[in-house]
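Okay, structure first, notes after.
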Ligand code: PEP
Ligand code: MN
């Protein structure tokens, strides 16, 4: 059960105390207080865990300071929407805002290789007005003999270069808890010229200890990637681990799922799930067309399958695109075949902005249509 308080009701108010006293009449019910700080609105919620079936919802709902009481029907209680008609507030990081209405493109290397290539990408992103990059330092590879990433060694110069080009955030996968500490220390050493979003890769989608580790720190937001062989429900429950530890600054990323059907794409594109995740959760939703498609085949019109798949996610309301590029894809140490060149990235960004406009027009047209219906 979740008790959503009115916007002005804080933890130290009289109203809060009364609600808390009322709940304390019910044994075997634990409470967890969740405060969500949004740009336009802050929400305080009391989550009731345990034997809540005896608690009269109507009495609780009639108490002063209570906006709404919902019985939680799904397991992912913190990231879930639970049919509540409240604005999912999202989060701010490094002066950037992320919610279910925002739109960002996070582009860059699959794996950090040389400072020259990194600088070429940051410079290109700056030219495109993009302040969000992806850069893998710790790489989970299928073969132990493949390049595993430069790890800690590249972080300091990577962060310094990011600062030089006005990059505010770098999405970076972590494979174990100590990587979070390494990132923190190297960011400090570099003088905090940028920020980091901790990425949970698809292979770790159910690594519960790692999920708890990224969830129990609040310094960095988290980009959680759906498990490639998991149902959506299983991935949402796993993602809940992050929130349940206290960190609610999460983006949920769709990246295609494994299918026995194989070719033509690396994975089966699951971007039709964008509106589903937005409906089921309060999280901004990201799509990763690079790992979904895995190659650079084009349509007869010359459009990359990567761009077309990405368009499918954006037209459905995706909030973030995570895409790989490389100044010299053939020389890339990881995932070269799916990396856009910097020229192709420029075209990709223009293409995605066209589709984003179309999505906003779809939303507009729908609300005009609804208004007309109301007026009639
Ligand atoms: C990545 O984005 O660097 C990556 C390895 O993706 P995934 O975990 O989705 O395979
Ligand atoms: Mn990759």
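Go through the range 338-376 and give me each residue that's touching a helix residue (DSSP H, G or I) at 6+ places or on another chain (Cβ under 7 Å) and modelled with pLDDT under 95. Let's see the steps before the verdict.
Taking the range 338-376 first, the residues touching a helix residue (DSSP H, G or I) at 6+ places or on another chain (Cβ under 7 Å) are 338-342, 345, 348, 351-352, 355-356, 358-359.
Scanning the range 338-376 gives no hits.
Out of 14, 18, one residue alone is surrounded by 12 or more Cβ atoms within 10 Å (Cβ to Cβ), at pLDDT 90 or above and farther than 28 Å from residue 237 by Cβ. It is 18.
So, residue 374, is that one in a loop (DSSP other than H, G, I, E, B), over 24 Å from the mean Cα position of the chain (by Cα) and farther than 17 Å from residue 271 by Cβ or not?
Details: in a loop (DSSP other than H, G, I, E, B): no; over 24 Å from the mean Cα position of the chain (by Cα): yes; farther than 17 Å from residue 271 by Cβ: yes.
Taking the combined requirement at face value, the residue does not satisfy it.
Checking every residue in the range 270-279 against the condition of being within 27 Å of residue 214 (Cβ to Cβ), touching a helix residue (DSSP H, G or I) at 6+ places or on another chain (Cβ under 8 Å), in contact (Cβ under 8 Å) with a residue 24 or more places away in the chain and within 13 Å of ligand 2 (Cβ to nearest atom) gives zero matches.
Every residue, every condition in (1) without any contact (Cβ under 8 Å) to a residue 40 or more places away in the chain; (2) farther than 19 Å from residue 125 by Cβ; (3) crowded, with 16+ Cβ neighbours inside 10 Å, yes or no:
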| position | (1), (2), (3) |
| --- | --- |
| 164 | no, no, no |
| 170 | no, no, yes |
| 175 | yes, yes, yes |
| 181 | yes, yes, no |
| 195 | no, no, yes |
| 211 | yes, yes, yes |
| 226 | no, yes, yes |
| 236 | no, yes, yes |
| 240 | no, yes, yes |
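The values are calculated or read from the model by the stated rules, or taken from the named source; none is laboratory data. On a predicted model such as this, the values are computed, not experimentally measured, just so you know. Here the Cβ is made from the backbone with ideal geometry for all residues, glycine too, and neighbour counts use every protein chain on show.
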